[in-house]
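The values are calculated or read from the model by the stated rules, or taken from the named source; none is laboratory data. Worth saying up front: this structure is predicted, and the values here are computed from it rather than measured. Cβ placement follows ideal geometry from the backbone for every residue including glycine, while neighbour counts extend to all protein chains displayed. The accessibility values were calculated without ligands, DNA or RNA, using every heavy atom of the protein model including side chains. Shrake-Rupley method; radii C 1.70, N 1.55, O 1.52, S 1.80 Å.
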Amino acid sequence: MVNVLVVGSGGREHVLGWKLSQSPKVDKVYYAPGNGGTENNIPIAADKIDELANFALKNDCFTVVGPEAPLAMGIVDEFSKKNLKVFGPTKAAAQLESSKIWAKDFMKKYGIPTAPFEVFDEPKKAIEYAKSSKHNLVVKADGLAAGKGVIVCNSHEEVASAIEAMLVKKTFGDAGNKIILEARIDGIEASYIALSDGNIAIPMATSQDHKRIYDGDKGPNTGGMGAYSPTLVITEKLAEKIQKNIIEKTILGMKKEGITFCGFLYAGVMIKDDEPYALEFNARMGDPECQPITMRMDFDLYDYLVASANGNLSSLPKPLWKKQSAVCIVMASKGYPEAYPKGEEITGLDLKQKDAFVFHAGTKKEGNKILTNGGRVLGVTALGDTLSSAISNAYSAAEKIHWQSKYYRKDIGKKGLAFL
Ligand code: GLY
């Protein structure tokens, strides 16, 4: 039996730890720093790499890294130097997410379908280019921006104000020192996530996120307001194309660059006229996608994460998935993705619904109370025999949970119903 250390504090980390704790090979699951819903929390922040390594060493842990920031800092490289077992990509591999410019140049070099783009660090040149461009544009900060560094524009005014926000006002700090102006592809967006050991990549179940804050995909982008799995937006034929033209080309291209990509490779894809285009890569599981995807896993996740880290995924059988659908509704605090209140008491968490589970994100425990402590607070995730029943199971659970400033979208999964 081994111990597992899950690094991070979101719904993704809660659900990964929840699933790993079900493995007969896993003894204790620790979370660093975890949240109000996780147990065995260690008060070490996700970016304190040396302290995390000392804890993993003392407690004989296999470490699973959830979020992008410690991956971009090189947590996997540091743990490996110390001979500690760790799951996730190295700093070099995580560049696919930590620099959007690096990722776009990589896609161009290896013929991975993506939208045409230009890179800028001077506002004047960016604005001149935008004025002369015949495309609708998307403005992207180069670095990590918690899912908020992509601004999809509808007019020249919006492009100009996004350029100014990033390059002049430094809304995203150094992450916006360089920006990408990319042609906007208007299609259907979905999430395609695979698990790789650097040689092969095994597809995870398909899913679709809801990135905008308001119903009907309106308002600013967030880290994700809800997700469901599987999605019929990605047909079997499209899945084959994404696997071959995006995922496998990426793993092979990375190898050619001398980089072994071990970990979850997440391609945000836009589908237009039955052709998939890579919008961006993440070098980790998506959140909230991780919650419905993991709920549907009918295999021992621990075995697969260890095999990814060890480079021998091909020794494992094809993973099996529950036939049911799963839906995750993100319950947030009003004001997110801008400013929002914290410290409000949450009630109704003792759900009696067998098919639903509440994964915590921005929560903390104080005495025997659970308080809000972040923008995205909970991921209420439910299974159902159909997408409709998973939606109604998830909403009936969410309706029982209360705090003063709660906010959630009322249409999670609805766009998937249109494809049934
Ligand atoms: N749900 C999008 C992300 O994890 O980046």
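Stick to the Cα atoms of region 291-394, pair each with every other, and give me the Kirkwood hydrodynamic radius in Å at one decimal.
That comes to 15.8 Å for region 291-394.
For region 228-376, what is the charge dipole size about the Cα centre, in debye to the nearest 20, if Lys and Arg each add +1 at the Cβ and Asp and Glu each add -1 at the Cβ?
Details: 20 positive and 19 negative charges, 31 e Å.
Roughly 160 debye, rounded to the nearest 20.
Residue by residue through region 324-335, which ³J(HN,Hα) values in whole Hz follow from phi under the Karplus form 6.51 cos²θ - 1.76 cosθ + 1.60 (θ = phi - 60°), with glycine and proline marked x?
Each residue's phi maps through the Karplus curve to give 5, 8, 9, 10, 10, 9, 7, 9, 10, 9, 3, x Hz.
Ranked by accessible surface with a 1.4 Å probe, highest first, in what order do 215, 273 come?
From most accessible down to least: 273, 215.
What is the Cα coordinate range of region 220-367 on the first, second and third principal axes, sorted by size from largest, in whole angstrom?
Between the extreme Cα coordinates on each principal axis of region 220-367 lie 51, 35, 32 Å.
Between residue 156 and residue 369, take the C-beta separation as r, use R0 = 41 Å, and let me know the FRET efficiency to the nearest 0.05.
My answer for the efficiency is 0.25.
Residues in region 102-138, backbone N under 12 Å from the label point at residue 256 (7 Å along the Cα-to-beta-carbon vector): list them, ranges by number please.
Under cut-off, by backbone N: 106-112.
Under unit Cβ charges (Lys, Arg +1; Asp, Glu -1), what dipole magnitude, rounded to 20 debye, does region 237-319 have relative to its Cα centre? Please report the intermediate quantities before stating the final value.
Details: 10 positive and 12 negative charges, 53 e Å.
In debye, rounded to 20, region 237-319 gives about 260.
Gain in length, residue 399 to residue 59, computed as 0.36 nm per residue apart minus the alpha-carbon separation, to one decimal in nm?
118.4 nm
Any idea which of 71, 117, 175 is furthest toward the positive side of the dipole for region 65-177, if Lys and Arg beta-carbons carry +1 and Asp and Glu beta-carbons -1?
Value computed over the given set: 71.
7 Å from Cα along Cα→Cβ at both residue 248 and residue 146: what's the point-to-point distance in nm?
3.9
Which of 387, 90, 196 sits farthest toward the positive end of the charge dipole of the chain, with +1 on the Cβ of Lys and Arg and -1 on the Cβ of Asp and Glu?
Result: 387, furthest along the dipole toward the positive end.
Per DSSP helix of 4 or more residues, -39500 (n - 2.57); summed, then divided by the residues of the chain. What does that give at 222 nm, rounded to the nearest 500?
-7000 deg cm²/dmol, from helical runs alone.
What is the ratio of the Cα radius of gyration of region 1-79 to 2.2 N^0.38 Å, with N the residue count, to two decimals? Kindly include the intermediate steps, with their values, before the conclusion.
Values: Rg = 11.3 Å, N = 79, 2.2 N^0.38 = 11.6 Å.
So region 1-79 has a normalised radius of gyration of 0.98.
For region 1-58, give the magnitude of the charge dipole about the Cα centre (Cβ charges: +1 Lys/Arg, -1 Asp/Glu; no others), in debye to the nearest 20.
The calculation lands at about 200 debye.
Once Rh for the chain is found with the Kirkwood sum over Cα pairs, what is the Stokes-Einstein diffusion coefficient at 10 °C and 1.306 mPa s, in µm²/s?
Values: Rh = 21.6 Å.
The diffusion coefficient I find is 73 µm²/s.
Can you work out the accessible area per residue across the chain, with the rest of the protein chains kept in place, probe 1.4 Å, in square angstrom?
42
Please list the equivalent ellipsoid semi-axes of region 59-136, computed as the square roots of five times the alpha-carbon gyration tensor eigenvalues, in descending order and whole angstrom. Before the final figure, lay out each step's value.
Numbers: eigenvalues 271, 35, 17 Å².
Calculated on Cα positions only, the semi-axes equal 37, 13, 9 Å.
Describe numerically, in nm with one decimal, the distance between label points set 7 Å from Cα along Cα→Cβ at residue 168 and at residue 184.
With each label placed 7 Å out from Cα toward Cβ, I get 2.1 nm.
Taking every Cα atom in region 188-280, find the radius of gyration and the maximum pairwise distance Dmax, and write them in Å.
Computed over the Cα atoms of region 188-280, radius of gyration and Dmax are 14.0, 44 Å.
Given R₀ = 25 Å, what would the calculated FRET efficiency be for residue 419 paired with residue 354, taking r from the Cβ atoms and rounding to 0.05? Each step should come with its number before you reach the end.
Details: r = 28 Å, r/R0 = 1.11.
It comes out at approximately 0.35.
Could you run the Karplus curve 6.51 cos²θ - 1.76 cosθ + 1.60 with θ = phi - 60° over region 52-64 and give me ³J(HN,Hα) per residue in whole Hz, x for Gly and Pro?
Each residue of region 52-64 in turn: 5, 5, 4, 5, 4, 5, 5, 9, 6, 9, 8, 9, 10 Hz.
Pick from 65, 15, 159 the residue whose mean-square fluctuation is largest in a GNM of the chain, springs joining Cα atoms under 10 Å.
159
Working out 0.36 nm times the residue gap between residue 320 and residue 81, then minus their Cα-Cα distance, what length gain in nm do you get to one decimal?
82.7 nm
Over the residues of region 87-231, compute the C-alpha Rg and express it relative to 2.2 N^0.38 Å.
Taking N as the residue count of region 87-231, the ratio is 1.10.
Within the accessible area of the chain, what % is carbon and sulfur when the probe is 1.4 Å and the other protein chains stay in place? Walk me through the intermediate numbers first.
Details: 9090 of 17820 Å².
The value for the chain is 51 percent carbon and sulfur by accessible area.
Which value, in Å³ per residue, describes the convex hull spanned by the Cα atoms of region 1-150?
Per residue, the Cα convex hull of region 1-150 comes to 152 Å³.
For residue 26, enumerate residues with amide H under 5 Å from its amide H, sequence gap 5+ or separate chain, H modeled in the peptide plane.
2
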